[in-house]
1. Please work out if L128 is assigned to a helix (DSSP H, G or I), out of contact with any Asp or Glu (no Cβ under 6 Å at 6 or more places or on another chain), surrounded by 14 or more Cβ atoms within 10 Å (Cβ to Cβ) and without any contact (Cβ under 8 Å) to a residue 40 or more places away in the chain.
2. Among the residues of region 1-27, count how many are outside any helix (DSSP H, G or I) and either within 21 Å of L114 (Cβ to Cβ) or among the basic types (K, R) (or both).
3. Tell me which residues, restricted to region 90-123, are in contact (Cβ under 8 Å) with a residue 40 or more places away in the chain and of a type in the set (S, T, Y).
4. Collect the residues in region 95-125 that are surrounded by 11 or more Cβ atoms within 10 Å (Cβ to Cβ) and among the aliphatic types (A, V, I, L, M), keeping them in residue-number order.
Amino acid sequence: MEIINIVVLSLSALLLIYAGAIRLMKPIKSFCLKTYLDNPKIKLEGQTDIFNEMRSAGSSTVFAGIAISLGAILPEFTLTSFVVAIVIFFGYAFGRLVSTTSDGKPNQQLAQGLISELVLGAANAFCLIWLLM
């Protein structure tokens, strides 16, 4: 089971670090801005408030990924890493579900994000339960 824990934590960490780094370094390339970028009437360049929000969310996502990766490397952080991963993945999934209910269906890429968040959240929850048994 230890190898499964390491794989789940590593995948979770890599996804969060990658997604967060993209938002941090190139917020204009974020999937959530794609709809706006496809509309030539909307100009996002120079919108510092949007980029500030995107970069701050990206930074916290990167740091969550780093915290989760510690659990894959150092056994004493495994429990904490699973808790952080569960909170992050189910938190994003919950927010997406609330938004879908309130605002309507998002584009396909964001819907796929929901599925990956639910799968990784469930995998981390399963590993945490197994760890605590």
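Any read-out appearing in this document is the output of simple, stated calculations on the displayed coordinates, not a laboratory observation. As the structure is a computational prediction, the values presented were derived from the model and not from experiment. Ideal geometry is used to build each Cβ from the backbone, glycine not excepted, and the neighbour counts take in all protein chains shown.
1. Against the criterion (assigned to a helix (DSSP H, G or I), out of contact with any Asp or Glu (no Cβ under 6 Å at 6 or more places or on another chain), surrounded by 14 or more Cβ atoms within 10 Å (Cβ to Cβ) and without any contact (Cβ under 8 Å) to a residue 40 or more places away in the chain), L128 does not qualify.
2. The number of residues fulfilling the criteria is 1.
3. Result: S116, single match.
4. L97, L110, A111, L114, I115, L118, V119, L120, A122, A123, A125
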